[in-house]
Amino acid sequence: MKITPTEIKKILCIKPRGIGDIVLSTIVLDNLIAHYPNARIDYLTEHFAKYAVANNPLVNKVITMHKTEFVLTVSRRIRKEKYDMIIDLWSNPRSAQITFFSGVKYRVGYAYRGRKYAYNILGTSGKGDHHSAEHNLELLKPLGVKVISKKIYFYIGTQEKVFADDFYKVNKLDIEKVLGIIPAGGWDSKRCDKEKWVEIAEAAINKFNCKILVLWGPGDEHDAEFIKSNLDDNCIIAPKTTLPQMAALISKCKMVIANDSGPMHISAALGIPTLGIFGPTNPKAHGPYSPNSDYVIKEDLHCIICNKLICPYQHECMRQLSVETVMNKLELIQQKK
């Protein structure tokens, strides 16, 4: 399908959920802006996920929807916006329906079985060996969009920056080297055991002469308190925060260690040297995506990268992870900065 780039004035990118997934999808922005110089780019996300792109100056507007909102209701709202193109970076059954009923002239999505009907411009359905961030770029190929950048983005608002500055000053962290640790994880199996976190933090304190800042979200409270109680004055727990506030605290860390999670991807997008701890998921596809980041994984386990939500064994991928390996990788990413 022949498209004149200058005719495209409004583009909607669909990525409803997964904070990390949305952050990784921003890899398309520089390339779309360069190819469609007259276009404004909007995002469609679920309400809770809007903060992944809310402050991004490359994004004109974020349209939100409820997870269970009627498809035709969402499509009608999209129709009113009069988009020239939709790029469905999610391409699940529901987003395909929203795209199909939107009435938009150019509808771009993956050639997944049972969903091709929704799109008149199709990208490859196979994920191949590349990182999940780069899978988003597959939808640019059939449009003839040249990939000039593989940068991902997360932007912090002014109020959140002030919040982080004040927290660091009050806790005298502005004069310390701060290592952030993030025990969050969407699956139980992705969460490094709290005892291992203490081992890692103790080793980091000794090796890097740093303070530990525990960054947490809903469901992480118990692990955060356990880590703090075992590290005494060398550790500070962040207060209860919104996601943008957590991101602002992350942005002031010298380094971050995190489970495979949305905050891990935010840290990498902010340019903070980030080390991901992996077990059930594939770090080559889902690791922190930035030049000064890396990952650790206990590769010699028979069950590694099992993709199971709950470990059927003893969580050996985390419990048997070598602290020395973690410290060596931390030292390497610190040198990359």
Scan the range 32-99 for trypsin sites (Lys or Arg not before Pro) in coil per DSSP, keeping those whose Cβ has at most 15 other Cβ atoms within 10 Å, and list them by number.
-> K67, K82
The range 156-187: trypsin sites (Lys or Arg not before Pro) in DSSP loop, at most 16 other beta carbons within 10 Å = K172, K177
Residue-averaged 222 nm ellipticity for the chain, from DSSP H runs of 4+ at -39500 (n - 2.57), nearest 500 | -9500 deg cm²/dmol
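What FRET efficiency, computed as 1/(1 + (r/R0)^6) with R0 = 56 Å and r the Cβ-Cβ distance, is obtained for F208 and K80, rounded to the nearest 0.05?
Numbers: r = 53 Å, r/R0 = 0.95.
The calculated FRET efficiency here is 0.55.
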The list (i) 20.9; (ii) 24.3; (iii) 20.2 gives values of Kirkwood radius over Cα pairs in Å, and only one came from this structure; which label was calculated from it?
-> (i)
Mean-square fluctuation maximum in Gaussian network of the chain, Cα pairs under 10 Å, restricted to T241, T26, T274, hits T241
Assuming R0 = 25 Å, can you tell me the calculated FRET efficiency for the pair E299 and E195, based on Cβ-Cβ distance, to the nearest 0.05?
-> 0.70
Once phi for every residue in the range 228-237 is put through the Karplus expression 6.51 cos²θ - 1.76 cosθ + 1.60 (θ = phi - 60°), the whole-Hz ³J(HN,Hα) values, with Gly and Pro written as x, are 4, 5, 9, 10, 6, 6, 7, 10, 10, 9
How much net charge surrounds N234 when only other residues with a Cβ under 11 Å from its Cβ are counted (Lys, Arg +1; Asp, Glu -1)?
-> -2
List the chymotrypsin sites (Phe, Trp or Tyr not before Pro) within the range 27-96 that fall in a DSSP loop (any state other than H, G, I, E or B) and whose Cβ has at most 11 other Cβ atoms within 10 Å.
-> F70
For K196, go through the aspartates and glutamates and keep the ones whose alpha-carbon is under 17 Å away, minus same-chain ones fewer than eight residues off.
-> D188, D220, E221, D223, E225, D232, D260, E316, E324
Within the range 285-337: Cβ-based charge dipole about Cα centre, in debye rounded to nearest 20 (Lys, Arg +1; Asp, Glu -1) | 180
For the range 158-336, what is the convex hull volume of its Cα atoms per residue in Å³?
-> 106
Quote the charge dipole size of the chain about the Cα centre in Debye, to the nearest 20; the model charges only the Cβ of Lys and Arg (+1) and of Asp and Glu (-1).
-> 1800
Of K177/K336; K228/K308; K169/K252, which ones are farther than 19 Å apart at the Cα?
-> K228/K308
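Computed from the coordinates by the stated procedures, all read-outs in this text should not be read as laboratory data. Computed from a predicted structure; not experimentally measured. With ideal geometry, Cβ positions are generated from the backbone for all residues, glycine too; neighbour counts draw on all protein chains shown.
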